[in-house]
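J.: Pasting a structure here, questions to come.
The values are calculated or read from the model by the stated rules, or taken from the named source; none is laboratory data. Worth saying up front: this structure is predicted, and the values here are computed from it rather than measured. All Cβ positions, even for glycine, are placed from backbone atoms using ideal geometry, and neighbour counts span all protein chains on display. Ligands, DNA and RNA are stripped out before the accessible areas are found, and what is left, the full protein with its side chains, is counted by its heavy atoms. Shrake-Rupley method; radii C 1.70, N 1.55, O 1.52, S 1.80 Å.
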Amino acid sequence: MMSILSALLCLGLSLGQRIHVQAGTLPKPTLWAEPGPVIPYGSPVTLWCEATLEAQKFDLYKEGKRVLWNTQTERKFTTKTKFSITNITEHDAGRYSCYYNSSTGRSDPSDSLELRATGSFSKPSLSALPSPVMTSGGNLTLQCGSREVFDRFILTKEGKDRVSWTLDSQPQPSGQSQALFPVGPVSPIHWWRFRCHGCFRNSPQVWSYPSDALELLIPGESGKPSLLSQQAPIVASGQRLTLQCRSDVGYDRFALHKEGEPDLSHSLVLQPQAGLSQAYFPLGTVSSSHGGRYRCYGGYNLSSEWSAPSDPLDILVAGHLPDRPSLSAQPGPGVASGENVTLLCQSQSQRDTFLLSKEEAAGPSLRLRSEDRAQQSQAEFSMSPVTSAHGGTYRCYSSHSTSPYLLSFPSESLELLVSGPKWNLNILIGISVTLVLLLSLPLVLLLRHQCQSKGRTSVEAQLWTAKKRLFLVVHLGAGRACSAENLGTYQETPPRSAPADAVMKDPQPGESVELDPQAVTYAQLNHLTLRQKTCAPPSSLSEEPPDEPSVYAILSVY
């Protein structure tokens, strides 16, 4: 009895399972697309349907209707199959699902897959408001807009966590359409790279071309790169402009951002060498839109982390304003070091700002607010005190404070010449006398040594001659004849060892000595350059010569 009940129970369970399977209770398969669900118009795509059990047959449905091709699997039993579309068109775009059949019944349908064809309409634009450069944890708005009057816009976030958002468009007074997508808070651990598409309500799977990619930039703390201009910071309209970003850190990529712009310019690393990574950003032919302040950042291909920003680089566009100011130097373009000079920049047009630029200067140009005088605008650039570093060629420009990076045509060049400092004549004379005395010191020491090495007789003879010569030089230098009384009572005769010119006629008391003042003055003052207006002899002339040489001996020999 028990065996009969067990058999009936098993039969009931088997019939129940079969009825349940036939009702569609097999696990649902998975449907996905390669290379992805968003395919450019005319490109191939493959849809894969995979089951958890072996299946005899897979069916593909689009919008609830069975697709007639590829309804049979290649093998009798398999767990997955593929459905290939060689060239996708707007007719292939739509919502797909798949089923599989096994010996026990039919599965539930897979989750639906939206297959979208892009490229049927022109691409919209994508920008970040207020800026794509963000701080960690910040929020921003992404604006997707187009001249096409799309009914909807779709924003897609690229990367591993690929997601998308759809918003109805907001018509603008200009006739364009746009949608604003709030994004945030952002963090450097995610990849914040976006594109957007536009579409119409009656064909939501047929999208426009994708917008250009927009990547949000979250600066970090790694070493900042350097930003340079291959041209001068002041460029003229029509020139070609290229900026270079480089670093001694081995970055894989660089990003360039212009202050106030809603997007970034990217470039891969070019010509890495000797530990230096660098990238060039060709910005094309210069126009007024190129004027502004730029910074660059370094990053890595497999990371969302960016470096600290470079120092700012200002690009100034000359020739945007039609006037050409004049530049002059006051008191003149030639100035001595240490003096003051003012460079005056003037314009006949109403300008509120002036800029002074020096050729090949490493630092930034000087800016000053305008002063309105005599129906013209001007600015005075004062340099005080002037050094040799101020010398060079200058030009000036005018501009408006509302657009500080757009300048006038340059003024004519002015060359500032800086000479050495002007010295006072008395200072020069004092320096000359000091040098003479310093140069005489070795000779004095030499004479002292010679005098000490000779006997006392030789010393007395030299001192005797020196006293007599000094007396005549001091008095006759003023053009006067002196009497013998003025010579004192020094009656000693020259020692035998005295020099030849020491044996001269000794003046006797009461006897006058008449000498040619000009001859004596010339002979002595040619070497001494002394001037004396008194004829009173020194009181020490009648005294005995000292044992040590004195200044009289120095002057006599010199």
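J.: Keeping every protein chain present and rolling a 1.4 Å probe, give me the accessible area per residue for region 70-174 in Å².
T.: With the other protein chains kept in place, region 70-174 gives 54 Å² per residue.
J.: Rounding to the nearest 20 debye, state how big the charge dipole of region 98-184 is about its Cα centre with +1 on each Lys and Arg Cβ and -1 on each Asp and Glu Cβ.
T.: 180
J.: Of the heavy-atom accessible surface of region 210-292 (probe 1.4 angstrom), what whole percent is carbon and sulfur?
T.: 48
J.: Based on alpha-carbon positions alone, could you give the equivalent ellipsoid semi-axes of region 138-201 from the gyration tensor, as √(5λ), descending, whole Å?
T.: Output for region 138-201: semi-axes of 24, 13, 8 Å.
J.: Measure off, as a whole percent, the carbon and sulfur share of the 1.4 Å-probe accessible area of region 38-161, all protein chains present.
T.: 48
J.: Step through the residues of region 148-154 one at a time and calculate ³J(HN,Hα) from phi using the Karplus curve (6.51 cos²θ - 1.76 cosθ + 1.60, θ = phi - 60°), rounding each to whole Hz and writing x for Gly and Pro.
T.: Rounded to whole hertz, the list is 5, 8, 6, 7, 9, 10, 10.
J.: Convert each backbone phi in region 282-291 into a coupling constant with the Karplus relation 6.51 cos²θ - 1.76 cosθ + 1.60 (shift: θ = phi - 60°), then list the ³J(HN,Hα) values in order as whole Hz, x for Gly and Pro.
T.: Using θ = phi - 60°, the values come out as x, 9, x, 6, 5, 9, 4, 6, 7, x Hz.
J.: Between their Cα atoms, which of Lys65/Lys123; Lys62/Lys157; Lys157/Lys258; Lys65/Lys160; Lys28/Lys65; Lys123/Lys258 are more than 29 Å away from each other?
T.: Lys65/Lys123; Lys65/Lys160
J.: Over all distinct alpha-carbon pairs, what is the Kirkwood Rh of region 313-422 in angstrom?
T.: Answer for region 313-422: a Kirkwood hydrodynamic radius of 14.2 Å.
J.: Send over the per residue convex hull volume for region 202-342, Cα only, as a whole number of Å³.
T.: 216
J.: Under 5 Å between amide hydrogens, which residues at least 5 positions from Val67 or on another chain qualify, with H placed 1.01 Å from N in the peptide plane?
T.: Leu60, Tyr61, Lys62
J.: Taking Cα atoms of region 98-218, Rg/Rh with Kirkwood Rh, to two decimals?
T.: Rounded to two decimals, Rg over Rh is 1.11.
J.: Same structure, new question: Once amide H atoms are built 1.01 Å from N in the peptide plane, which residues 5 or more positions from Gly220, or in another chain, come under 5 Å H to H?
T.: Trp306, Ser307, Ala308
J.: Still on this structure, I have one more. Amide H to amide H, which residues 5 or more places from Leu366 or on other chains are under 5 Å from it, using H placed in the peptide plane?
T.: Leu356
J.: Using the Karplus equation 6.51 cos²θ - 1.76 cosθ + 1.60 (θ = phi - 60°), what ³J(HN,Hα) coupling, rounded to whole Hz, does each residue of region 207-221 give in order, writing x for Gly and Pro?
T.: Coupling constants for region 207-221: 9, 6, 4, x, 5, 4, 5, 10, 10, 7, 10, 10, x, x, 10 Hz.
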